[in-house]
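Quick notes on the structure that follows.
The values are calculated or read from the model by the stated rules, or taken from the named source; none is laboratory data. Model, not experiment: these values are computed from the prediction. Neighbour counts are summed over all protein chains in view; Cβ atoms, including those assigned to glycine, are modelled from backbone coordinates with ideal geometry.
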């Protein structure tokens, strides 16, 4: 499962974009892990994520924290999205101090994540996964500017047509940019959509399209 | 996913939510003169459920019919809310590197290679998934499939990567092949993928996983750089905080 790995963008666009996951291991520490996952989520919540969710329940923009906590089981994988490097450093310090016991994974620019770990006194990354990009019939993909938004949901639940529609709605005065990004975030059940980055990307999209060329 | 023809008013509000694009057509109601409804192309729909979850239909016409084999593989792979019982993980893949700090799944000298077909936003038929799986398994690189991965479960021959015939024409939003091989076989694995990329009618993302040693260079980086293979600055990183920690190295 690699849904937080293939986010598109350059260093400037990705340096403040982090997805933090808490994952128990089947056959090792999964049995009875629900309280540990709750503890992990509480520590994350205290540090101010911009989005969070559990893919089987939803994210904080389409459900509530109480529902997410209430639906938690031993197989729940929770995910919190952060838009700020300093919060990640503090989060890692807190997790080092009070280990929840489940595996913790952070998707982000590897150099930045490594720096955060060092500042938190955690040493080196344990295991790393690289994206080697998209291969095959890449001419079928939407524009790169659209992909930057849609790839924030690694399950591909944010359609490029919906991004076009939101741009059109904003241009016609039917929605604000913030409303449009909230609508996009609702489609990404896991809570991986970074609304702060989403708003920045959306502002860049607005001048690229004319209303009649959109969905 | 289907739209109830007696409820649907063809307002088109659900159209842009579909990750597979414009897969709906207008139909005339058989019994109500002048009434138009939309029909979702069942061949192209992957049962991901995003249109239903968006709660956008003003007359609640969208519904997910019960899925029977082999169509049910669409929902298993495409709807992130459905947990595949074989992997015990919601979503399309496995725990892979996420729990490597406690499982030791990817040891020193090994590299995880994952290929996710159909992503982002194109979708993939299992006949293309089979092409990639068979190319890797036939490549004599010792590629070891992840046993708990849903695609592995759909194989009729796990030694060749052959999928069951009845799933070949099914489609998923994306389907991921997961496995590992020795790190020295990575160049050959990537060469195989480069070749098969020309034979599939979709896109796929490629990812590689490696244990980071306590000191020194990350083992796959010089290999990728020597091959001239692009890799993203954005990575997924296991923090090593899981307990009990897997012992990768002998205690000194």
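Go through region B:9-21 residue by residue and tally those that are on the phi < 0 side of the Ramachandran plot, surrounded by 16 or more Cβ atoms within 10 Å (Cβ to Cβ) and in a loop (DSSP other than H, G, I, E, B).
Residues of region B:9-21 that are on the phi < 0 side of the Ramachandran plot, as a first pass: B:9, B:11, B:13-20.
Add one more test, that the residue is surrounded by 16 or more Cβ atoms within 10 Å (Cβ to Cβ), and what stays is B:14-20.
Of the ones still in play, those that are also in a loop (DSSP other than H, G, I, E, B) are B:14, B:18-20.
Result for region B:9-21: 4.
Would region B:179-188 turn up any residue that is modelled with pLDDT of 95 or more and under 15 Å from the mean Cα position of the chain (by Cα)?
First pass over region B:179-188, keeping only residues modelled with pLDDT of 95 or more: B:179-188.
Checking which are under 15 Å from the mean Cα position of the chain (by Cα) leaves us with B:179.
Yes.
Of the numbered conditions (1) under 24 Å from residue B:50 (Cα atoms); (2) without any contact (Cβ under 8 Å) to a residue 40 or more places away in the chain; (3) touching a strand residue (DSSP E or B) at 6+ places or on another chain (Cβ under 7 Å), residue A:73 fails exactly one; give the number of that condition.
The one condition residue A:73 does not meet is (3).
I need the full set of residues from region B:22-49 which are in a loop (DSSP other than H, G, I, E, B) and either at pLDDT below 95 or farther than 23 Å from residue B:66 by Cα (or both), in order please. Don't jump to the end; show me each part of the working.
Residues of region B:22-49 in a loop (DSSP other than H, G, I, E, B): B:22-23, B:29-35, B:41-49.
Answer for region B:22-49, where residues must be in a loop (DSSP other than H, G, I, E, B) and either at pLDDT below 95 or farther than 23 Å from residue B:66 by Cα (or both): B:22, B:29, B:30, B:31, B:32, B:33, B:34, B:35.
In this structure, does residue A:27 turn out to be free of Cβ contacts under 8 Å to residues at least 40 places away in the same chain and within 14 Å of chain B (Cβ to nearest Cβ)? Quick ask: steps written out before the conclusion?
Working: free of Cβ contacts under 8 Å to residues at least 40 places away in the same chain: yes; within 14 Å of chain B (Cβ to nearest Cβ): yes.
When the stated conditions are applied, residue A:27 passes them.
So, in region B:54-86, exactly how many residues are exposed (fewer than 15 other Cβ atoms within 10 Å of the Cβ), modelled with pLDDT of 90 or more and within 13 Å of chain A (Cβ to nearest Cβ)? Lay out the reasoning, then the answer.
Taking region B:54-86 first, the residues exposed (fewer than 15 other Cβ atoms within 10 Å of the Cβ) are B:55, B:58-60, B:63-66, B:68-69, B:85.
Within this subset, residues satisfying the condition of being modelled with pLDDT of 90 or more are B:55, B:58-60, B:63-66, B:68-69.
Going one step further and asking which of them are within 13 Å of chain A (Cβ to nearest Cβ), we end up with B:55.
Selection size over region B:54-86: 1.
Within region A:176-215, how many residues are within 14 Å of another protein chain (Cβ to nearest Cβ), closer than 16 Å to residue A:161 by Cβ, part of a helix (DSSP H, G or I) and in contact (Cβ under 8 Å) with a residue 40 or more places away in the chain?
1
Among the residues of region B:109-148, what is the count of those that are part of a strand (DSSP E or B) and within 13 Å of chain A (Cβ to nearest Cβ)?
Our first condition is that a residue be part of a strand (DSSP E or B); within region B:109-148, this holds for B:110-117, B:124-125, B:144-145.
Checking which are within 13 Å of chain A (Cβ to nearest Cβ) leaves us with B:110-117, B:124-125.
Qualifying residue count, region B:109-148: 10.
So residue A:37 clears everything in (1) crowded, with 21+ Cβ neighbours inside 10 Å; (2) touching a helix residue (DSSP H, G or I) at 6+ places or on another chain (Cβ under 7 Å); (3) modelled with pLDDT of 95 or more except one condition, right? Which one?
The one condition residue A:37 does not meet is (2).
Taking the stated definitions as given, is residue B:174 in contact with a strand residue (DSSP E or B) (Cβ under 6 Å, 6 or more places away or on another chain), in the same structural domain as residue B:120 (by TED's automatic domain parsing) and free of Cβ contacts under 8 Å to residues at least 12 places away in the same chain? Walk me through how you get there before you give the answer.
Values: in contact with a strand residue (DSSP E or B) (Cβ under 6 Å, 6 or more places away or on another chain): yes; in the same structural domain as residue B:120 (by TED's automatic domain parsing): yes; free of Cβ contacts under 8 Å to residues at least 12 places away in the same chain: no.
Here the answer is no, as residue B:174 does not meet what is asked.
Rundown of residues vs (1) more than 22 Å from residue B:207 (Cβ to Cβ); (2) more than 21 Å from the chain's Cα centre (by Cα); (3) within 7 Å of chain B (Cβ to nearest Cβ), yes/no style:
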position	(1), (2), (3)
A:114	no, no, no
A:124	no, yes, yes
A:128	no, no, yes
A:136	no, yes, yes
A:145	yes, no, no
